[in-house]
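Q: Here it is: the structure, laid out below.
The values are calculated or read from the model by the stated rules, or taken from the named source; none is laboratory data. Small disclaimer: the values here were computed from a predicted structure and weren't measured. Cβ sites come from the backbone with ideal geometry, for glycine too, and all protein chains shown count toward neighbours. Each accessible area value is taken on the protein alone, full model and side chains, heavy atoms only, with ligands, DNA and RNA left out. Shrake-Rupley method; radii C 1.70, N 1.55, O 1.52, S 1.80 Å.
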Amino acid sequence: MKIPTISIPITQILLQKNIQLFLKREDLIHPQISGNKYWKLFYNINFYLDQNPANPFLITFGGAFSNHIAATAALGNEFQLKTMGIIRGEELRNKWQENPTLKLAHENGMEFRFVSREEYRDKDSLRQLLQKEFPEALIIPEGGTNELAVEGIQFMLNSDTKSFDYLCTAVGTGGTIAGISKFAEENQQVLGFKVVDDDSLYNKVLAFSKRNNFKLLEAHDGGYGKISDENIRFINDIKEGHRIQLDPIYTGKMMMRIFEMIENNYFPEGSNILAFHTGGLQGIFGANEMLKKQNRELINL
Ligand SMILES: *Cc1c(COP(=O)(O)O)cnc(C)c1O
């Protein structure tokens, strides 16, 4: 069975100063498979299955709260593919059951191997060893970003997205914005909200998209995975006002920055902005556990 294409609704969430802001709800694709992760895996898995492997097996990499690990496990479960996650941090070996992301991935059939941070950093060697051990396996990089992932992002764009002046997405490894940049219309500006503090991202995105229609803006708000009280309040306000759940690692940070930019007149009057809700909602469970330990306000679910 192959992964199907799915069409996704767009919702208006703000009209202020004659600026319209819409959200494309890629989060609605599947409760565990984040929007962009679905499309990043789409061609990778479909091309692999086209080769008719006898025992389809996906191997990928990620941290303990990774949306990509969660998505790969859920897709494996849905389409009957064996999956293995190479997880950063040996300390998790005996306590992964306490981690909501890994627990759910395991329920979806994923096996784990826990590796030290040093081994994890040397992904090329790790990958070669794994491919030797499992010659038939499809090994997908961390975050799922590769050439085929960037191609799959074209499904986030369609006739509904053509009329927008700005296309906005959160940026982690850069694959999603690279695809949006590559497949955007001539007159569209692409804005990427970096949730990681990584100066190499611009060149990485450019190498995939080969267009200069995108800008990267800082949205890390203290660092990858760091959650500010302001952002928690923002996410909870959006939930209350629009019944849309944002996540604290990617989409919450992006949307808070877009609101600020509208406030600060970044966008010319009459602009039509489309932000992609790339999902990531499974990460809220892990975030709330951390917030609870710190006696802080939680993200409402
Ligand atoms: C992974 C992820 C992103 C970033 O995608 P990249 O292609 O790695 O830049 C954005 N939003 C969510 C919810 C994600 O899980």
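Q: With the checklist (1) part of a helix (DSSP H, G or I); (2) of a type in the set (Asp, Glu); (3) not assigned by TED's automatic domain parsing to the domain that holds Asn272 in hand, flag the one item Asp160 doesn't pass.
A: Condition (3) is where Asp160 drops out.
Q: Okay, moving on. Would you check which residues across the range 221-255 are closer than 16 Å to Val171 by Cβ, open to solvent by less than 40 Å² (accessible area, probe 1.4 Å) and out of contact with any Gly (no Cβ under 8 Å at 6 or more places or on another chain) and list them?
A: Result: Gly223, Gly225, Gly252, Lys253, Met254, Met255.
Q: Scan the range 257-285 residue by residue and report those that are under 15 Å from Leu167 (Cβ atoms) and within 16 Å of the ligand (Cβ to nearest atom).
A: Arg257, Ile258, Leu274, Ala275, Phe276, His277, Thr278
Q: Which condition number in (1) modelled with pLDDT of 95 or more; (2) crowded, with 23+ Cβ neighbours inside 10 Å; (3) not hydroxyl-bearing (Ser, Thr, Tyr) is the one that Glu26 fails?
A: Result: Glu26 passes all but (1).
Q: State whether one or more residues within the range 11-26 are away from the ligand (no atom under 13 Å from the Cβ), in contact with a Pro (Cβ under 8 Å, 6 or more places away or on another chain), of a type outside the set (A, V, I, L, M) and not in a strand (DSSP E or B).
A: Scanning the range 11-26, I find no residue that is away from the ligand (no atom under 13 Å from the Cβ), in contact with a Pro (Cβ under 8 Å, 6 or more places away or on another chain), of a type outside the set (A, V, I, L, M) and not in a strand (DSSP E or B), so the answer is no.
Q: Sticking with this one: Hey, can you tell me all the residues within the range 165-196 that are assigned to a loop (DSSP other than H, G, I, E, B), within 14 Å of the ligand (Cβ to nearest atom) and open to solvent by 10 Å² or more (accessible area, probe 1.4 Å)?
A: Across the range 165-196, the qualifying residues are Gly172, Thr173, Val196.
Q: Cβ contacts < 9 Å: first residue outside the structural domain of Ile139 (by TED's automatic domain parsing), restricted to the range 58-69; second residue part of a strand (DSSP E or B) and surrounded by fewer than 24 Cβ atoms within 10 Å (Cβ to Cβ), any location; separation 6+ or different chain. Result?
A: Hits for this filter: zero, empty list.
Q: Let me ask something else. Which condition from (1) closer than 30 Å to Lys293 by Cβ; (2) in contact with an Asp or Glu (Cβ under 9 Å, 6 or more places away or on another chain); (3) of a type in the set (Gly, Ala, Ser) is the one that Gly143 breaks?
A: Of (1) closer than 30 Å to Lys293 by Cβ; (2) in contact with an Asp or Glu (Cβ under 9 Å, 6 or more places away or on another chain); (3) of a type in the set (Gly, Ala, Ser), only one is false for Gly143: (2).
Q: Let me ask something else. Are there any pairs, at least 6 apart or on different chains, whose C-beta atoms fall under 7 Å, with the first in the range 185-200 and within 14 Å of Cys168 (Cα to Cα) and assigned by TED's automatic domain parsing to the domain that holds Tyr166 and the second among the charged types (D, E, K, R) and not in a strand (DSSP E or B), and if so, which?
A: Glu185/Lys162; Gln188/Asp165; Gln189/Asp165; Phe193/Lys253; Phe193/Arg257; Val195/Lys253
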